[in-house]
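Novice: Pasting a structure below so you can have a look.
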Amino acid sequence: MAIENTRLFTPAAMGAVDRAAIDGSLSGPGLMERAGAAVAASALEHWPGLKRAIILCGPGNNGGDGHVIARHLARAGVPVERFGMKPREGTDAAWAFESFPGVIAALADYRPEAGDLIIDALFGAGLDRAVPDEIAKLIERAANAGTPVLAVDLPSGLSGYSGRPTGPCFRADRTVTFAALKTGHVLLPGRDLCGELEVVDIGIPSRLLANDDPVVLNDPSVYGTTSPAIDASSHKYARGHLVVFSGPLISSGASRMSAQAGLRAGAGLVTVASPPGAVMAQSAHLTAVMQRSVGDADALSDWLKDDRLAAFVLGPGFGHNELVKDYARIVLEAGRALVLDADGLTAFADTIADLSSFDAPKVLTPHEGEFRRLFPDLLDDDALSKIDRARRAASRVNAIVVYKGADTVIAAPDGRAAINCDAPSKLATAGSGDVLAGIVGASLANGRPPFEAACAAVALHAEAARRAPDHMTAEDLIAAI
Ligand SMILES: NC(=O)C1=CN([C@@H]2O[C@H](COP(=O)(O)OP(=O)(O)OC[C@H]3O[C@@H](n4cnc5c(N)ncnc54)[C@H](O)[C@@H]3O)[C@@H](O)[C@H]2O)[C@H](O)CC1
Ligand SMILES: [K+]
């Protein structure tokens, strides 16, 4: 989906924008007319030769859009039948129905026929609970018949806030939404339940769409470019020295992948800090990546006298080793940037909040399972979206939290959040997290501020995956950076 306005809105925030637009120069019916006309145009474009439009109308303004759509399609010569509820008196939906009065049949009476297109105008931004049983049954009948669905604003049953269904929910082939994306359109499974997404301009002034809730789609407007601008003056130290801690001999490969990824992603120099028992194994594999034997806290403290060591990755393949906490503390006390991933995260399972006392740049990169280990209370609160959870975790730890998934949320303690929703599913391969940790480390070593560094790294990780072959390994992913 090519989206100009990358700001994301919660349904409540979009409702406030609606009201501000209507208080200003625009009228509710005017907005509804444009919304309905746009959906009708999309139906005609994507279902040419449409045999019958089945418009399901709810009691509110989503339903109002449905009545406008019915009028436009009928005037275009498409057979239209409406099912659902009558609109509430005195609302814009009532105006829409009066502009095209007609029979609204009972939902229970709809039986799918070949050539039908269901246009779902039952509930949109106002959905606040599971849909009633008669709608659940219709959703099931439509799914069983394979009837295509064009959703108005949101598929009914999908929370526009969390991106999670409130219960039974349409799986739409296409969704047309208005003015800007809602968070529920890009969070999973919402993004999948929407099908192809269209955002149409219905005349709301852009000044009203500059909402103060800084949640955006992750794109260059957040991080600039994904790779550092390497010019003649940017000698290797200018691009920063990245250190990746190696695990023991048996699991030294993960740190190598992080290190090689960091080098390809633009760190000036990369060193693997190996425990003595892994040095030989690492030496056999490392060429452009350097190595140093670091066996304990004292050796690390001594090495940190070199203030060119800019950023550290701790966790990939490190093992369940009490040194994790000592190493993290020493790096952060020295004011160096730290990426905590994998074993580096789970070592802090019960004490992650202890990291909040360090002001040095920190980036945590938990996947779903690690997030649950670190923040179980946040996952147990169903009222929270993935954005809320990432933001609260970031504030709790005073760190950037990269809450990974096909809908990765990058959140900062100050409330900023970006959603990366174009990562290919082939990223779900062993070692992909090690690679991301290395790219984040390189971005920090380049001197980017931590939120922008994490956003750029997540974007580059997804870009590399798109370039890599379909059945890629982590090595293919590194080669594609
Ligand atoms: N700028 C825009 O985005 C515009 C959006 N428009 C459309 O307006 C709807 C939002 O309309 P609203 O009346 O606030 O809510 P809904 O129509 O989604 O819901 C109606 C009503 O239904 C009740 N309800 C909620 N959930 C359930 C449920 N599960 N079962 C039964 N009843 C339920 C609740 O009382 C709701 O208030 C937006 O989606 C757009 O389609 C404007 O038309 C144009 C501008
Ligand atoms: K809908």
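The values are calculated or read from the model by the stated rules, or taken from the named source; none is laboratory data. Quick caveat, the model's predicted, so the values are computed rather than measured. Quick reminder, even Gly has a Cβ in these numbers, built from the backbone with ideal geometry, and neighbours come from all protein chains shown. All accessible areas refer to the heavy atoms of the entire protein, side chains included, with ligands and DNA or RNA removed. Shrake-Rupley method; radii C 1.70, N 1.55, O 1.52, S 1.80 Å.
Novice: Please name all residue pairs, on different chains or six or more residues apart, with Cβ atoms under 7 Å, provided the first residue is in segment 459-481 and is free of Cβ contacts under 8 Å to residues at least 60 places away in the same chain and the second residue is of a type in the set (D, E, K, R).
Specialist: A462/D422; A465/K426; A468/D476; P469/D476; D470/K426; M472/K426; A480/R467
Novice: What are the residues in segment 67-98 that are under 23 Å from W47 (Cβ atoms) and in a loop (DSSP other than H, G, I, E, B), if any?
Specialist: Within segment 67-98, A76, G77, V78, P79 meet the criteria.
Novice: Now for a separate question. Report yes if R111 is open to solvent by 50 Å² or more (accessible area, probe 1.4 Å) and closer than 23 Å to G15 by Cβ, otherwise no.
Specialist: When the stated conditions are applied, R111 does not pass them.
Novice: Restricting to segment 109-158, name every residue that is more than 7 Å from ligand 1 (Cβ to nearest atom), among the aliphatic types (A, V, I, L, M) and more than 19 Å from V80 (Cβ to Cβ).
Specialist: I135, A136, I139, A143, L158
Novice: For segment 34-53, what are the residues that are touching a helix residue (DSSP H, G or I) at 6+ places or on another chain (Cβ under 9 Å) and assigned to a strand (DSSP E or B)?
Specialist: Within segment 34-53, A53 is the sole residue that qualifies.
Novice: Does D128 meet the test of being assigned by TED's automatic domain parsing to the domain that holds A180 and surrounded by 22 or more Cβ atoms within 10 Å (Cβ to Cβ)?
Specialist: So D128 does not fit the description; no.
Novice: Can you name every residue in segment 169-195 that is open to solvent by less than 10 Å² (accessible area, probe 1.4 Å) and either outside the structural domain of V39 (by TED's automatic domain parsing) or aromatic (F, W, Y) (or both)?
Specialist: Matches in segment 169-195: F170 only.
Novice: Then there's this: Going through D434, D422 one at a time, which residue ends up being touching a residue at least 60 places away in the same chain (Cβ under 8 Å) and acidic (D, E)?
Specialist: D434
Novice: Looking at (1) within 13 Å of ligand 1 (Cβ to nearest atom); (2) buried (at least 18 other Cβ atoms within 10 Å of the Cβ); (3) of a type outside the set (D, E, K, R), which is the only condition T166 fails?
Specialist: (2)
One line per residue, one yes/no per condition, for (1) basic (K, R); (2) within 16 Å of ligand 2 (Cβ to nearest atom); (3) open to solvent by 40 Å² or more (accessible area, probe 1.4 Å); (4) at positive phi:
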site	(1), (2), (3), (4)
V17	no, no, no, no
L26	no, no, no, no
G36	no, yes, no, no
E45	no, no, yes, no
P48	no, no, yes, no
I55	no, yes, no, no
G58	no, yes, no, no
N62	no, yes, no, no
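Novice: If the requirement is being within 16 Å of ligand 2 (Cβ to nearest atom), at pLDDT 95 or above and either surrounded by 18 or more Cβ atoms within 10 Å (Cβ to Cβ) or assigned by TED's automatic domain parsing to the domain that holds G15 (or both), which of these qualifies: A136, A94?
Specialist: A136
Novice: OK, next. For segment 158-193, name all the residues that are within 23 Å of L378 (Cα to Cα) and within 13 Å of ligand 2 (Cβ to nearest atom).
Specialist: Across segment 158-193, the qualifying residues are L158, S159, G160, P165, T166, K182, G184, H185, G190.
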